[in-house]
Each structure stands twice: as C-alpha cells, then as structure tokens.
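Reading through the structure tokens given below for one structure.
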Amino acid sequence: MLKFLAKNKAQILFFLIGVTVGFTITLFPLSFVHDIDPLNMINILVTLLVALIVGLYLEPKNQDSRVEKDILISQLNEIKLLLREIQAGFQDVYDENPISEGFKSKLRKQLRSVSNLLYSFDETYNECGFSYTKPTLTPAFINYKRTLTGNGFDNPSFKYDKAEGYYNASYLRLLREINSSIIKINKNT
Amino acid sequence: MTPTQIYIKISKDFTRTPGARKMDEGNYSGEEFLKSVLEPAYLQASKEDSIVQINLDDTEGYATSFLEEAFGGLARKYGSNNVLDHLDFVSNDEPLLIEEIRHYIKP
C-alpha cells in the first residue's frame with residue numbers, strides 16, 4: 001500500500017485537489033450555467049482518458065526505454081575510453097625497436113577487456129528488445145586487433161612500422177562505428 | 001556406436017602462453033599448435049565423424065597471428081565448411097574469441 005502511494009503520489013495529489021475543488025467550488029463567487037452540454041462532457045472524458053493513458057502507460061514506458069538506452073550508451077563510452085588508452089600506449093611505443101614484452105602483455109589484456117565489453121554490450125542489447133537492428137561492432141574490432149597484433153607481433157624483434165598508417169585508420173574506423181551506434185541507439189524509439 | 005568427442009584445452013595440452021605465427025619466430029607458435037595438436041585431433045574427428053571441442057580459457061591471451069595461423073591454416077588445408085563441421089569452442093574468459101576464430105576459418 002505504501003509502495004503504491006509512493007509510486008503514484010503525483011496522481012493522488014491531483015485527484016485530491018480535484019475532489020477538494022469540486023466540494024468547495026460553491027464557496028467562490030462564481031456562477032455556473034446549469035445546462036450540461038454533451039459535447040463538453042465528451043471533451044472532458046476524452047481529455048481524462050488521454051491523461052490516464054499518458055500518465056499510467058506511455059510515460060513509464062518512455063522512462064524504461066531511456067534507462068535502457070543510457071545503459072547501452074554508457075557501455076559504448078566505456079569501450080571508447082579503453083580504446084583511447086590503448087591508442088595512447090601504442091603511440092608511446094611507436095619508436096621502440098623492438099617493443100617490450102611488458103607492453104605486449106598489457107596490450108593483450110587490454111584487447112581482451114575490449115572484447116569482453118563488446119560481448120557484454122551485445123548481451124545487454126539483446127535484453128532490451130529494441131526494434132532497431134543491433135549494431136555489429138565485432139568485425140571492426142577484429143580488424144583493429146589484427147592491425148595491432150598480427151604480422152609477427154609475438155616475434156621478439158617485432159616493432160611497429162612508423163610508415164604504416166593503417167594502425168590509426170583501423171582505430172578511427174572502429175571509433176566511427178561506435179559513435180554511429182551511439183547515435184542510432186539514442187534515436188531509436 | 002556414439003562417436004567420442006575429442007577435448008583439447010590449449011592451456012593444459014599446449015601452453016598458457018600462445019606465441020607467434022611461425023615456428024621459426026618462437027616457441028608455442030600457431031604453426032606448432034596446428035601441426036602437433038590441432039591437425040591430428042581434427043583428422044581423428046573427421047575420420048570418426050565426431051567433434052573436437054577446444055577450450056580457449058586460462059591462457060595469457062591470443063594474438064591474431066597465432067589464431068589465424070592455427071585455425072585459418074587448418075581451414076586453408078581442409079576447407080572452411082569441413083573444419084567448422086568438426087570443431088566446437090569454449091571460451092568463458094573471452095566469449096568473442098569464438099566469433100573471431102570463425103572469422104579466420106571462414107573470412
């Protein structure tokens with residue numbers, strides 16, 4: 001009972017105001033036409049019905065949808081943050097020849113974290129039940145991972161070739177896909 | 001007679017630290033894994049019409065070159081569909097690895 005009162009306090013308050021005004025209206029210096037116009041009655045009833053539908057159904061549904069979108073968007077922002085850290089670390093070792101085993105180990109762990117965040121995002125999206133087609137970020141991520149850890153990465157003498165621009169290109173492509181997904185999720189109804 | 005399933009756990013049956021692509025690049029390479037563990041198991045499963053279940057957990061992680069050399073290499077030799085028909089994967093540490101490997105088997 002208390003939960004119901006807490007959840008619907010706005011509706012209850014307006015109901016009480018309406019009832020109070022109804023009983024006390026005769027105390028005010030107002031005059032009323034006593035003829036009841038059926039069209040006005042229908043108008044009032046339709047307005048009440050619309051208010052009930054909006055208040056009890058549409059508004060809560062809209063709030064639920066907003067919460068789901070915010071969760072998904074925050075997950076994607078977390079992925080972007082981690083990718084930014086990876087890029088910063090990658091820029092730091094660009095001149096190293098060869099790159100250290102410590103960096104390689106850290107990079108593997110970071111890429112694993114991104115992979116798991118993407119998986120978590122997929123699972124969360126499936127639970128939301130949006131009608132919009134789920135964003136597929138995995139191919140862009142696989143491509144990004146391949147540019148960073150393919151081509152002899154585990155070779156002890158491995159170094160990143162400064163002349164190659166595809167490291168940055170694959171990162172920007174992944175970032176573009178993520179940003180596009182954020183925009184689409186936010187617009188989805 | 002029900003064909004037996006073949007189980008491989010990479011961290012136990014091969015190494016916890018998967019390495020580079022080729023054997024001449026270092027220890028525990030994708031090529032070494034393919035030749036010493038994966039290919040023999042696949043051939044056995046193929047002969048018995050059973051499945052090789054590969055557990056990818058409990059390692060320090062997989063570089064693209066290792067995965068591509070091992071699983072992509074197997075697919076290039078025996079055909080993508082044949083390989084996919086006889087391999088199954090378990091990856092609780094990193095679930096998306098399975099999709100990545102399937103991408104290397106059938107690009």
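The values are calculated or read from the model by the stated rules, or taken from the named source; none is laboratory data. Given the structure is predicted, the values throughout are model-derived calculations rather than measurements. Ideal geometry is used to build each Cβ from the backbone, glycine not excepted, and the neighbour counts take in all protein chains shown.
Take A:Asn151 and decide whether it is out of contact with any Phe, Trp or Tyr (no Cβ under 6 Å at 6 or more places or on another chain), within 14 Å of chain B (Cβ to nearest Cβ), more than 24 Å from B:Asp93 (Cβ to Cβ) and not in a helix (DSSP H, G or I). Against the criterion (out of contact with any Phe, Trp or Tyr (no Cβ under 6 Å at 6 or more places or on another chain), within 14 Å of chain B (Cβ to nearest Cβ), more than 24 Å from B:Asp93 (Cβ to Cβ) and not in a helix (DSSP H, G or I)), A:Asn151 qualifies. Applying the condition of being modelled with pLDDT under 90 and in contact with an Asp or Glu (Cβ under 8 Å, 6 or more places away or on another chain) to the range A:128-137 and asking which residue is farthest from the other protein chains (Cβ to nearest Cβ) yields A:Phe130. State whether one or more residues within the range A:11-18 are closer than 30 Å to B:Gly26 by Cα and surrounded by fewer than 11 Cβ atoms within 10 Å (Cβ to Cβ). No, there is no match, as no residue in the range A:11-18 is closer than 30 Å to B:Gly26 by Cα and surrounded by fewer than 11 Cβ atoms within 10 Å (Cβ to Cβ).
Exactly one residue out of A:Phe121, A:Phe141, A:Phe103 is touching a Leu at 6+ places or on another chain (Cβ under 8 Å), more than 10 Å from chain B (Cβ to nearest Cβ) and part of a helix (DSSP H, G or I): that is A:Phe121. Test B:Ile98 against the criterion of being within 24 Å of A:Lys104 (Cβ to Cβ), within 14 Å of another protein chain (Cβ to nearest Cβ) and of a type in the set (Val, Ile, Thr), and give yes or no. Yes. Filtered by the rule that a residue be facing chain A (nearest Cβ under 10 Å), in a helix (DSSP H, G or I) and either touching a Lys or Arg at 6+ places or on another chain (Cβ under 8 Å) or more than 24 Å from A:Lys109 (Cβ to Cβ) (or both), the range B:1-44 gives B:Asp24, B:Gly30.
Only one of the numbered conditions (1) modelled with pLDDT of 85 or more; (2) more than 30 Å from A:Tyr167 (Cα to Cα) is not met by A:Leu58, and that is (1).
Within the range B:55-76, the residues that satisfy the criterion of being of a type outside the set (D, E, K, R), within 12 Å of chain A (Cβ to nearest Cβ), at negative phi and not in a helix (DSSP H, G or I) are B:Leu56, B:Thr59, B:Tyr62, B:Ala63.
Taking the range A:65-100 as the range and being buried (at least 16 other Cβ atoms within 10 Å of the Cβ), within 14 Å of chain B (Cβ to nearest Cβ) and modelled with pLDDT under 90 as the test, only A:Ile99 passes. The residues of the range A:154-180 that are basic (Lys, Arg), exposed (fewer than 13 other Cβ atoms within 10 Å of the Cβ) and not in a helix (DSSP H, G or I) amount to a single one, A:Lys162. For the range A:124-138, a tally of residues being out of contact with any Lys or Arg (no Cβ under 8 Å at 6 or more places or on another chain), part of a loop (DSSP other than H, G, I, E, B) and in contact (Cβ under 8 Å) with a residue 12 or more places away in the chain returns 4.
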